[in-house]
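Engineer: Below: one structure in structure tokens.
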Amino acid sequence: MMTMTMTPDQLLSSYDYHLPPELIAQNPAETRDSSRLLVVDSPNSHNVAIFRDLPTWLESGDLLVFNDTRVIPARLFGRKTTGAPVEILLLEEQDDHLWLSLVKPGKRFKVGSEVLFYPKTGPTEDKEKLWLAKVIDRDLNTAGRLLQFQRHPGRSFWDMLEEYGHIPFPPYVTESEAEEDRYQTVYADKQGSVAAPTAGLHFTPELFHKLAQKGIDTTYITLHVGVGTFRPVEVENITEHLMHQEFLQISAETAEKIAQTKARGGRVIAVGTTVARALEGAIKETKSEKLTAFQGKTNLFVYPGYQWRVIDGMITNFHLPKSSLMMLVSALVGRERLLALYQAAIQERFRFYSFGDAMLILPSACSSNR
């Protein structure tokens, strides 16, 4: 039996790097667009800038594509009917009041178990203020549970969630003083994500105005960030990793704007890995030659060797080692180059992860890798 030899780009261990813990951003920049920006403008060079100067690095006729998803208050705290404390993270709506959820601690969430959730105001023994949910099944793909939430007459699930749920900051943000709205983009619109599309956190209304003044166009897609985006890659041969599906929506108007931009020689810049995945995923799912309107799910996994069909460049934050997000960015700029850029950012004391600084990868920096 022939054994296939894997390339370094296909090995999980090839996407590892050491990050000093103090560079994990616990709080966002004082103002959104005052974060730092690593501009990758050629195969061999980069520049250090401030995010508010983004328009100077782009060209008139460029198109920025944003993800307008809104983070839901997906983290709930409560207790079992036995009194044991529990915590859950909602992942995906399966039906009205029925949600796939990650649970902690998992051993306490047996099928048939009942959980009582506390309102945002904190723990209470007032039964009138507790929200009941029942575990009705397990999900082997995510190691999660299906929770059926109690219905309250005259109130929707979303009404209840606003009263009981918390915006879920990432697990590595342990000492943050940030308000919950700093984990939403200023253009967040369609609720459904359990994590923010963090590249978009740097934008302000003033920056949008500066972009428009320079003739840089904008448009939106929706991809609800779920377990597919942040689930760890756990196999050394990354080609064996299976992505969980995530919901996305691309309008006919956005598809047409992208087509017009390309037709006139403009550049399509994805604001974040979720936008890149949505645009490329939509073409994969529709099996079409060009991007068209699409609503559905994708499990597209992008890693080096991927042939890009829609995006020309990207704005992105700095991602966790060995993550599928690192692999996606590596597919655009090259794995070795990305690791070198990460080391440069560490030397420059850039701040990493969700509340950290950003990177702009211009088409001129990634054309040799495509």
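Engineer: Contact list please: Cβ distance under 6 Å, first residue in the stretch 174-199 and outside the structural domain of Arg32 (by TED's automatic domain parsing) and surrounded by 22 or more Cβ atoms within 10 Å (Cβ to Cβ), second residue part of a loop (DSSP other than H, G, I, E, B) and among the β-branched types (Val, Ile, Thr), pairs at least six apart or on different chains.
Structural biologist: So the pair list comes out empty.
Engineer: Of the residues that make up the stretch 108-117, is at least one modelled with pLDDT of 95 or more and either assigned by TED's automatic domain parsing to the domain that holds Val227 or under 19 Å from Arg70 (Cα atoms) (or both)?
Structural biologist: No, the stretch 108-117 contains no residue that is modelled with pLDDT of 95 or more and either assigned by TED's automatic domain parsing to the domain that holds Val227 or under 19 Å from Arg70 (Cα atoms) (or both).
Engineer: In the stretch 309-329, how many are more than 14 Å from the chain's Cα centre (by Cα), in a loop (DSSP other than H, G, I, E, B) and either small (Gly, Ala, Ser) or crowded, with 17+ Cβ neighbours inside 10 Å (or both)?
Structural biologist: Summing the residues that are more than 14 Å from the chain's Cα centre (by Cα), in a loop (DSSP other than H, G, I, E, B) and either small (Gly, Ala, Ser) or crowded, with 17+ Cβ neighbours inside 10 Å (or both) in the stretch 309-329 gives 4.
Engineer: Here are the criteria: (1) modelled with pLDDT of 95 or more; (2) surrounded by 20 or more Cβ atoms within 10 Å (Cβ to Cβ); (3) among the hydrophobic types (A, V, I, L, M, F, W, C). Tell me which single one Leu100 does not satisfy.
Structural biologist: Tallying (1) modelled with pLDDT of 95 or more; (2) surrounded by 20 or more Cβ atoms within 10 Å (Cβ to Cβ); (3) among the hydrophobic types (A, V, I, L, M, F, W, C), Leu100 fails exactly one: (1).
Engineer: Could you run through the stretch 19-33 and say how many residues are within 21 Å of Lys322 (Cβ to Cβ) and touching a residue at least 12 places away in the same chain (Cβ under 8 Å)?
Structural biologist: Looking only at that region, the number is 5.
Engineer: Give me the residue from the stretch 54-109 that is assigned to a loop (DSSP other than H, G, I, E, B) and under 22 Å from the mean Cα position of the chain (by Cα) and, out of that set, farthest from Leu147 (Cα to Cα).
Structural biologist: Asp68
Engineer: Something else now. Asn299 fails exactly one of the following numbered conditions: (1) surrounded by fewer than 22 Cβ atoms within 10 Å (Cβ to Cβ); (2) modelled with pLDDT of 95 or more; (3) within 24 Å of Glu236 (Cβ to Cβ). What is the number of that condition?
Structural biologist: Just one mismatch for Asn299, condition (2).
Engineer: Could you check, for the stretch 34-46, whether at least one of its residues is over 30 Å from Glu280 (Cβ atoms) and either free of Cβ contacts under 8 Å to residues at least 12 places away in the same chain or within 22 Å of the chain's Cα centre (by Cα) (or both)?
Structural biologist: Yes, the stretch 34-46 has at least one match.
Engineer: Hey, another quick one. Looking at the stretch 63-75, I want the residues that are in contact (Cβ under 8 Å) with a residue 24 or more places away in the chain and within 19 Å of Ile88 (Cα to Cα) and have a partner that is polar (S, T, N, Q) and part of a loop (DSSP other than H, G, I, E, B) with Cβ atoms under 6 Å, at least 6 apart or on another chain. Which pairs are those?
Structural biologist: Hits for this filter: Val71/Gln184.
Engineer: Name the one entry in Ser364, Ser368 that is modelled with pLDDT under 95, assigned to a helix (DSSP H, G or I) and more than 27 Å from Glu256 (Cα to Cα).
Structural biologist: Only one candidate passes the filter, namely Ser368.
Engineer: How many residues are at pLDDT 95 or above and out of contact with any Leu (no Cβ under 8 Å at 6 or more places or on another chain) when one looks only at the stretch 211-238?
Structural biologist: The qualifying residues number 4.
Engineer: Restrict the check to the stretch 201-215 and report whether at least one residue is outside any helix (DSSP H, G or I), within 15 Å of the chain's Cα centre (by Cα), hydrophobic (A, V, I, L, M, F, W, C) and under 30 Å from Leu100 (Cβ atoms). First the steps, then the outcome.
Structural biologist: Just the residues of the stretch 201-215 that are outside any helix (DSSP H, G or I), to begin with: 203-204, 214-215.
Now narrow it down to the ones that are within 15 Å of the chain's Cα centre (by Cα): none.
For the stretch 201-215, residues outside any helix (DSSP H, G or I), within 15 Å of the chain's Cα centre (by Cα), hydrophobic (A, V, I, L, M, F, W, C) and under 30 Å from Leu100 (Cβ atoms): absent.
Engineer: Let me ask something additional. Looking at this structure, is Ala344 more than 15 Å from Phe230 (Cα to Cα), surrounded by fewer than 16 Cβ atoms within 10 Å (Cβ to Cβ) and touching a strand residue (DSSP E or B) at 6+ places or on another chain (Cβ under 8 Å)?
Structural biologist: In short, yes.
Engineer: Within the stretch 246-266, can you find the residues that are buried (at least 18 other Cβ atoms within 10 Å of the Cβ) and either part of a helix (DSSP H, G or I) or within 22 Å of the chain's Cα centre (by Cα) (or both)?
Structural biologist: Glu246, Phe247, Leu248, Gln249, Ile250, Thr254, Ala255, Lys257, Ile258, Thr261
Engineer: Filter the stretch 181-202 down to the residues that are acidic (Asp, Glu) and farther than 10 Å from Arg70 by Cα and list them by number.
Structural biologist: Across the stretch 181-202, the qualifying residue is only Asp181.
Engineer: Check the stretch 8-18 and report whether any residue there is of a type outside the set (D, E, K, R), at pLDDT 95 or above, within 18 Å of Asp357 (Cα to Cα) and assigned by TED's automatic domain parsing to the domain that holds Tyr183.
Structural biologist: Within the stretch 8-18, one or more residues are of a type outside the set (D, E, K, R), at pLDDT 95 or above, within 18 Å of Asp357 (Cα to Cα) and assigned by TED's automatic domain parsing to the domain that holds Tyr183.
Engineer: Scanning for something modelled with pLDDT of 95 or more and among the charged types (D, E, K, R), does the stretch 274-291 turn up at least one residue?
Structural biologist: For the stretch 274-291, residues modelled with pLDDT of 95 or more and among the charged types (D, E, K, R): present.
Engineer: Right, another one. If you scan the stretch 1-32, which residues turn out to be part of a helix (DSSP H, G or I) and touching an Asp or Glu at 6+ places or on another chain (Cβ under 7 Å)?
Structural biologist: Within the stretch 1-32, Leu12, Ser13 meet the criteria.
Engineer: Take the stretch 329-355 and flag every residue that is among the hydroxyl-bearing types (Ser, Thr, Tyr) and more than 18 Å from Gln307 (Cβ to Cβ).
Structural biologist: Residues of the stretch 329-355 that are among the hydroxyl-bearing types (Ser, Thr, Tyr), as a first pass: 330, 342, 353-354.
Answer for the stretch 329-355, where residues must be among the hydroxyl-bearing types (Ser, Thr, Tyr) and more than 18 Å from Gln307 (Cβ to Cβ): Tyr342, Tyr353, Ser354.
The values are calculated or read from the model by the stated rules, or taken from the named source; none is laboratory data. Fair warning: this is a prediction, and the values are worked out from it, not measured in the lab. Positions of Cβ are generated from backbone atoms using ideal geometry, with glycine treated the same way; all protein chains shown enter the neighbour counts.
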